[in-house]
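Below is one structure; the comments refer to it alone.
The values are calculated or read from the model by the stated rules, or taken from the named source; none is laboratory data. Nothing here was measured: the structure is a model prediction, and the numbers come from that model. Counting neighbours? That spans all protein chains shown, and the Cβs are built from the backbone with ideal geometry, glycine included.
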Amino acid sequence: WGARTLLGRGGLAEIHGAIDALEARVLAERVWLFGERTLEGTARQAVQTARGSGSPDAHWAGAMLALFRRSGDAAREAIGRLDPAQDGIAQLLLGEVARLDGDDAAASAAYTAAVGIDPGVLPAHTAAAQMLDRPQTLDAARAAFDTLLESTAPNHVDSRIAFFVHRARAGDPKVGAELDAYIAEHDSVLGPGQRARLYLARGDAALRAD
């Protein structure tokens with residue numbers, strides 16, 4: 001009762017539930033966003049522990065792990081427990097499900113909605129720019145990445161990596177040397193998935209330079 005009175009919360013059980021859900025989300029993000037595959041089992045256990053909390057963190061985490069396994073149905077089930085109309089992260093996850101389904105129009109619309117609901121959902125900005133990364137809209141993609149990295153999220157690692165990938169595909173002659181310098185400076189702090197994307201971009205840049 002003291003916890004309820006002092007904190008305005010439903011007691012210690014609710015507080016512990018919220019902490020469990022947050023831990024599940026952090027672990028799931030490391031698996032999904034950074035490719036830390038060795039944490040997947042621990043993350044799944046954390047999601048199971050947190051599922052009864054009712055916290056959005058637990059449902060976000062469940063959807064992220066489903067996406068990591070490329071299971072659109074499981075991700076949709078987790079997102080269905082959220083309110084995407086009011087939830088920028090849920091919209092981001094819906095965009096990822098749509099991309100998994102090959103529905104680029106729905107993916108782009110979801111990413112745009114995510115940014116509109118919560119501009120702080122930086123992966124949605126990155127994903128929206130990536131959706132423009134195709135031959136007929138390369139200029140628009142470059143402009144979106146420039147805005148993202150100059151003002152919206154200058155220090156967001158995944159946005160920087162996505163921009164390197166875009167420039168490599170576009171045949172930017174300077175990107176190879178910049179990738180070498182970036183990898184040398186940051187390699188020790190990158191997640192496995194981030195490192196893999198950088199090395200793939202470096203290989204793409206080398207092939208186009210030959």
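Looking only at segment 19-31, decide whether some residue is of a type in the set (Lys, Arg) and modelled with pLDDT of 95 or more. Checking segment 19-31: at least one residue is of a type in the set (Lys, Arg) and modelled with pLDDT of 95 or more.
When Ala107 is tested against (1) farther than 19 Å from His166 by Cα; (2) of a type in the set (Gly, Ala, Ser); (3) in contact (Cβ under 8 Å) with a residue 12 or more places away in the chain, only condition (1) is not met. Number of residues in segment 113-155 that are touching a Ser or Thr at 6+ places or on another chain (Cβ under 8 Å) and either over 19 Å from Gly95 (Cβ atoms) or among the aromatic types (Phe, Trp, Tyr) (or both): the value is 2. Filtered by the rule that a residue be free of Cβ contacts under 8 Å to residues at least 24 places away in the same chain, farther than 17 Å from Arg208 by Cβ and surrounded by fewer than 18 Cβ atoms within 10 Å (Cβ to Cβ), segment 180-189 gives Ala181, Ile183, Ala184, Glu185, Asp187, Ser188, Val189.
So that you can scan it fast, the table gives a plain yes or no per residue for (1) more than 21 Å from the chain's Cα centre (by Cα); (2) touching a residue at least 60 places away in the same chain (Cβ under 8 Å); (3) not in a helix (DSSP H, G or I):
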{"residue": "Leu149", "(1), (2), (3)": "no, no, no"}
{"residue": "Pro154", "(1), (2), (3)": "no, no, yes"}
{"residue": "Phe163", "(1), (2), (3)": "no, no, no"}
{"residue": "Asp172", "(1), (2), (3)": "yes, no, yes"}
{"residue": "Glu178", "(1), (2), (3)": "yes, no, no"}
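Within segment 16-59, the set of residues being aromatic (Phe, Trp, Tyr) and closer than 15 Å to Ile79 by Cβ comprises just one member, Trp32. Is it true that Ala177 is buried (at least 17 other Cβ atoms within 10 Å of the Cβ) and of a type outside the set (Val, Ile, Thr)? It is false that Ala177 is buried (at least 17 other Cβ atoms within 10 Å of the Cβ) and of a type outside the set (Val, Ile, Thr). Only residues in segment 197-210 that are crowded, with 19+ Cβ neighbours inside 10 Å count as the first member; pair them with residues that are charged (D, E, K, R) and part of a helix (DSSP H, G or I), Cβ under 7 angstrom, at least 6 apart or cross-chain, and list the lot. That search, which allows pairs on different chains as well, returns Asp204/Arg169.
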